[in-house]
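Only one structure is covered here, and it is reproduced in the block below.
The values are calculated or read from the model by the stated rules, or taken from the named source; none is laboratory data. On a predicted model such as this, the values are computed, not experimentally measured, just so you know. Here the Cβ positions follow ideal geometry from the backbone for every residue, glycine too, while neighbour counts run over all protein chains shown.
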Amino acid sequence: MLLVALVACVAAIVPGPRWPRIWLACMVVGTGSILAAAVAVFAGAPDWEWWSAVRVGGERLHLRLDGLSAWFMALLGLVGGLGAIYARGYWPDDAHADSAARGRLWWGVMILSMGFVLLSSNGLHFLIAWELFALSGFFLITLDRQRREIRAAGWLYLAASHAGTLCLFAFFAALAGRTGSWELGPMRAHPELGPLFWLAFAGFAVKAGLFPLHIWLPSAHANAPSHVSALMSGVAIKMGVYGLIRFSGWLPTPAAVGWTITGIGAATALLGIALALAQNDLKRLLAYCSVENVGIIAVGLGGGLLGAADGDAGWGRLLLAGALLHVWNHGLFKALLFFAAGSVLHATGTREMSRLGGLWRSMPWTAVLFTIGAMAVSGLPPLNGFVSEWMIYLGLFDVVAGRSPAAWAAMPAVLMLALAGALALAAFVKAGAVVFLGAPRTRVAAEAHECGGSMRGAMVVLAAGCLAIGLAPAVFWPAAGRAVAAWNPPWAAGAPPAPLPTLGLANAVLVTLALAAGAGLWASARARGLRRSLTWDCGYASPAARMQYTGGAMAAIAVGWFGWIFGAERRQRRPRGPFPAGAHRIERMPEAVLERLIGPVAGAVMQVAGAARQLQHGRLQYYLVYLAGGLTALGTLVLVGEMK
């Protein structure tokens, strides 16, 4: 299957620029083969391992597919294939003649390079695949490179990616220097390698978007084409998560790692969703929500590390399984939400929620599918987000009940995740209401149209996946158990936690009751006759679209709680006189880490570099003076050292 996937993906790269139909067929075959290979591992097939006879960079190519890599490969195959189908209608050649061909080429490169990241068991080849993955992401983000903000987002992504790659290069080089080989695998028997994990943590945390290393993520996901945003949020940032999980399982980790990842994860979840709530850009809201969900996954991973350190405690297995399931769940509902946001953008030409409204009338499919994704990301039953978050909560409660030292990390994590969940619900109530409910605020909203069949079909499949995991979570437990066992063999797959089948049954009953109630209400309404009339208009005789709540008004109170952290920027002109000519109020939530920390530091470095550049003027006599001065200073230092 993997050979078929490799051939199909390579075949897609070659004809991609010129023959879109052949490219789509190859991509569907390739990503379908990736998904089939992963499912075969979950069904009980032995781990797959392969060495090539040909050397790449002086090293034999070593690929490995086990339960953990198969877990991420399944997500890559599903979202990658559906994204290719969605792109056929969203980014066609007739509307994007200059960039559609390039997009197909780099889409294939990105799928292929991410697949090699998940399979590589050689540090050198891992780095090569990682760099190709980063470069393809840059070219996909900047497909519409005529706009300045898109180019800026692409360069910020590339700079952050290369900063992470430098940490990973240092990690793999140091690891190879200490072990004498670039080969990767279980190394827990070598405690001297433990401190190297901090380098891996820094490199992978950048790609995952953990706070405060998330600075590239909001602008990249917001400005990329929506199918690219779905792939990056649903799969690409999971490559950072994969690296953290993989190497925390292969390497001995310092005692502080579990505590650190749990704390950073809880803070990331809370601050990420607080920033999401403050956004008026629909795709930027979804991007910050990805930061929140990566934080939830990190809490589960940190708890798994603490459980492994505490004598392989059962709650650690539950937390890690919840984190892995949330990797899948987030990939499904976040790709669905970005596809729905792309449908809105495709129909209206804007991402600004304040210019939308009333789209449920003209875009009913998109409205319903967005609602399903919003419920899933908010952790509401009966959908998949509820299941994985419930598993993480259950593990954290077990930690507290067991009164182990890890309870000091679990208690604040529970509180912060609970607050983050409440804010997530508020953020998506705001987004759904402002975009789809009420009356159209502008002409583009009033003239919106539903998306085409390929875009709609991709969203329906993702929505069905969200519902399937919510209704039958026990069915997916063996796959999660195999991935957990690949991380920590003593936690070999067993029976699912007792409440998991009960949870699926409860969700099924909830869906049945909701459908029955909806059918009963509809039948009753039809029997009595349907009438349309205005809702309560607050005393206004002629209600208008301007009288609706705005997204800023809906989120103002909750955003104010975090104003002291983010420092909202406000500009306003108050109405003056008995007959004011006009008034306005503009509020912006800055990216505090980027604009108030990294930006000023980078500016200072550039000023110093600019001053130093003045020394490079091409005059030989001055260069001789510099050389003489340097030699004199060096000689003075040597002389002083000898005198001491």
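Yes or no: Arg151 over 18 Å from the mean Cα position of the chain (by Cα), without any contact (Cβ under 8 Å) to a residue 12 or more places away in the chain, surrounded by fewer than 17 Cβ atoms within 10 Å (Cβ to Cβ) and part of a helix (DSSP H, G or I)?
Spelling it out, Arg151 is indeed over 18 Å from the mean Cα position of the chain (by Cα), without any contact (Cβ under 8 Å) to a residue 12 or more places away in the chain, surrounded by fewer than 17 Cβ atoms within 10 Å (Cβ to Cβ) and part of a helix (DSSP H, G or I).
Taking the stretch 187-234 as the search range and keeping residues that are of a type in the set (A, V, I, L, M) and touching a Cys at 6+ places or on another chain (Cβ under 7 Å), which one is surrounded by the fewest Cβ atoms within 10 Å (Cβ to Cβ)?
Taking the candidates together, the pick is Ala202.
Return yes or no: is Ala174 under 22 Å from Pro252 (Cα atoms) and either out of contact with any strand residue (DSSP E or B) (no Cβ under 9 Å at 6 or more places or on another chain) or part of a helix (DSSP H, G or I) (or both)?
It is true that Ala174 is under 22 Å from Pro252 (Cα atoms) and either out of contact with any strand residue (DSSP E or B) (no Cβ under 9 Å at 6 or more places or on another chain) or part of a helix (DSSP H, G or I) (or both).
Determine if the stretch 303-323 includes at least one residue that is within 16 Å of the chain's Cα centre (by Cα) and either assigned by TED's automatic domain parsing to the domain that holds Ser378 or touching a residue at least 12 places away in the same chain (Cβ under 8 Å) (or both).
yes
Within the stretch 367-394, track down each residue that is among the hydrophobic types (A, V, I, L, M, F, W, C), part of a loop (DSSP other than H, G, I, E, B) and farther than 14 Å from Gly465 by Cα.
Residue satisfying the conditions is Leu380 alone.
When the stretch 421-446 is examined, which residues are found to be free of Cβ contacts under 8 Å to residues at least 40 places away in the same chain and not small (Gly, Ala, Ser)?
Within the stretch 421-446, just Arg443 meets the criteria.
Scan the stretch 177-187 for residues that are closer than 18 Å to His125 by Cβ and either in a helix (DSSP H, G or I) or in the same structural domain as Asn488 (by TED's automatic domain parsing) (or both) and report the count.
Counting residues in the stretch 177-187 that are closer than 18 Å to His125 by Cβ and either in a helix (DSSP H, G or I) or in the same structural domain as Asn488 (by TED's automatic domain parsing) (or both) gives 2.
If you go through the stretch 24-82 one residue at a time, how many are free of Cβ contacts under 8 Å to residues at least 12 places away in the same chain and under 22 Å from Trp107 (Cβ atoms)?
Of the residues in that region, 1 qualify.
Please give the number of the condition Leu140 fails out of (1) in contact with a Pro (Cβ under 8 Å, 6 or more places away or on another chain); (2) surrounded by 15 or more Cβ atoms within 10 Å (Cβ to Cβ); (3) at pLDDT below 90.
(3)
Condition first: outside any helix (DSSP H, G or I), of a type in the set (Gly, Ala, Ser) and at negative phi. Now tell me which residues in the stretch 419-472 satisfy that.
Across the stretch 419-472, the qualifying residues are Ala439, Ala448, Gly452, Ala472.
Among the residues of the stretch 329-352, which ones are buried (at least 24 other Cβ atoms within 10 Å of the Cβ) and farther than 16 Å from Ser454 by Cα?
Residues satisfying the conditions are Asn329, His330, Gly331, Leu332, Phe333, Lys334, Thr348.
In the stretch 70-103, which residues are farther than 18 Å from Gly452 by Cβ and of a type in the set (D, E, K, R)?
Listed by number, the residues that qualify are Asp98, Arg102.
So Phe72 fits all but one of (1) aromatic (Phe, Trp, Tyr); (2) closer than 25 Å to Trp491 by Cα; (3) at pLDDT below 90; what number is the exception?
(3)
Taking interchain pairs and intrachain pairs at least six residues apart, which have beta carbon atoms under 9 angstrom, with the first residue in the stretch 223-246 and within 16 Å of Gly302 (Cα to Cα) and the second of a type in the set (S, T, N, Q)?
As it stands, the answer is Tyr242/Ser69; Arg246/Ser69, since those pairs meet every condition given.
For Leu127, are the conditions met, namely being within 19 Å of the chain's Cα centre (by Cα) and part of a helix (DSSP H, G or I)?
So Leu127 fails the test.
Can you name the residue in the stretch 277-296 that is touching a Lys or Arg at 6+ places or on another chain (Cβ under 8 Å) and part of a helix (DSSP H, G or I) and is also modelled with the lowest pLDDT among such residues?
Leu277
Only one of Ile261, Ile297 is among the aliphatic types (A, V, I, L, M), in contact (Cβ under 8 Å) with a residue 12 or more places away in the chain and either touching a strand residue (DSSP E or B) at 6+ places or on another chain (Cβ under 8 Å) or under 19 Å from Ala230 (Cα atoms) (or both). Can you tell me which? Give the steps one after another, and end with the answer.
Numbers: Ile261 fails: either touching a strand residue (DSSP E or B) at 6+ places or on another chain (Cβ under 8 Å) or under 19 Å from Ala230 (Cα atoms) (or both).
None of the others qualify; the one that does is Ile297.
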